[in-house]
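The values are calculated or read from the model by the stated rules, or taken from the named source; none is laboratory data. Quick caveat: nothing in here was measured; it's all calculated off a predicted structure. Backbone-built Cβ (ideal geometry, glycine too); neighbour counts: all protein chains shown. Heavy atoms of the whole protein, side chains included, go into the accessibility calculation; ligands, DNA and RNA do not. Shrake-Rupley method; radii C 1.70, N 1.55, O 1.52, S 1.80 Å.
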Amino acid sequence: MITITAMKWVLAFAAGQVRDHRARWILNEVGWSYEVRLIDACDLASSQYRKKQPFGQVPYLEEDGRPTLFESGAIVIDVATRAGMLIPAEGNDRSLVLSWVIAALNSIEPYLMNVAEVEYFMEDAEQKEARRPAVVAAAEQRLSQLEIALNGRQWLVGDAFTIADLMMASVLKIARRLDLLKSHSELMLYQDRCLDRPAYRKAVADQRATIDSHEMADMRFEEARRTAG
Ligand SMILES: N[C@@H](CCC(=O)N[C@@H](CS)C(=O)NCC(=O)O)C(=O)O
């Protein structure tokens with residue numbers, strides 16, 4: 001049996017965005033059944049949890065007889081490879097798919113997260129105004145570079161949807177939520193194409209259903225803060 005972890009509840013801006021949707025999406029794509037272990041702030045902080053996810057984050061993926069996997073990118077690559085789906089087993093296109101998965105996580109996502117941090121987490125209005133232009137400009141540059149690299153193609157590698165597209169479309173959700181895609185119409189069309197899949201829709205609907213059926217108190221933030229001292 002496969003188990004993944006997911007948050008019981010998150011703030012509205014993060015609903016549908018939490019990274020367990022990537023694990024759900026690839027598992028739905030390959031048709032493997034899985035259970036979801038719901039996590040709160042006390043779980044995330046616990047030493048038992050950190051033995052499986054050293055950074056106290058979701059998701060991890062646990063499976064009988066295998067090491068617990070963490071990092072959504074590693075989970076997606078591992079599941080797709082073992083299922084023999086959405087990534088070639090070998091050859092040049094496999095290498096390119098891996099390059100693009102890492103590019104999504106390493107060359108695009110951090111720039112988008114810098115903007116997200118300013119918009120969602122910076123409280124001081126003056127600091128926010130001062131930092132916003134630089135982080136938005138850097139993110140815009142990355143998005144333009146991606147748009148040029150895509151060069152009007154349907155998919156990042158070859159002539160079919162792969163996990164390169166799964167991961168890039170997932171990362172671009174952060175840009176979409178921050179309204180950063182409005183001047184990148186090609187990327188918007190590309191992302192729409194990638195997200196138009198039953199496996200994705202189910203992943204996000206399931207995540208949202210859990211979040212909607214819980215409330216902030218279920219996350220036990222205060223208890224986790226008290227325990228942390
Ligand atoms: N690089 C990790 C990032 C995971 C991550 O940032 N998870 C967030 C939710 S989307 C989380 O658990 N945040 C709680 C925390 O960092 O305390 C991955 O891709 O799996």
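Does any residue of the range 25-42 turn out to be modelled with pLDDT of 95 or more, in contact with a Leu (Cβ under 7 Å, 6 or more places away or on another chain), more than 12 Å from the ligand (Cβ to nearest atom) and part of a loop (DSSP other than H, G, I, E, B)? Taking every residue of the range 25-42 in turn, at least one turns out to be modelled with pLDDT of 95 or more, in contact with a Leu (Cβ under 7 Å, 6 or more places away or on another chain), more than 12 Å from the ligand (Cβ to nearest atom) and part of a loop (DSSP other than H, G, I, E, B). The residue that is nearest to residue 23 (Cα to Cα), among those in the range 207-225 that are within 22 Å of the chain's Cα centre (by Cα) and part of a helix (DSSP H, G or I), is 207. Just so you know, in the range 73-90 the residues that are within 16 Å of the ligand (Cβ to nearest atom) and open to solvent by 10 Å² or more (accessible area, probe 1.4 Å) include one that is nearest to residue 7 (Cα to Cα), and it is 74. Pairing each residue of the range 64-86 that is at pLDDT 95 or above with any residue that is open to solvent by less than 70 Å² (accessible area, probe 1.4 Å) and of a type in the set (S, T, N, Q), provided the two are 6+ apart or on different chains, yields C-beta distances under 6 Å for 70/53; 86/162. The set of residues in the range 33-73 being under 19 Å from the mean Cα position of the chain (by Cα) and aromatic (Phe, Trp, Tyr) consists of 34, 55, 60, 70. Test residue 213 against the stated conditions and say whether it is assigned by TED's automatic domain parsing to the domain that holds residue 27 and without any contact (Cβ under 8 Å) to a residue 24 or more places away in the chain. Considered against the rule, which asks whether it is assigned by TED's automatic domain parsing to the domain that holds residue 27 and without any contact (Cβ under 8 Å) to a residue 24 or more places away in the chain, residue 213 comes out as yes. The number of residues in the range 173-198 being acidic (Asp, Glu), free of Cβ contacts under 8 Å to residues at least 12 places away in the same chain and under 19 Å from residue 139 (Cβ atoms) comes to 1.
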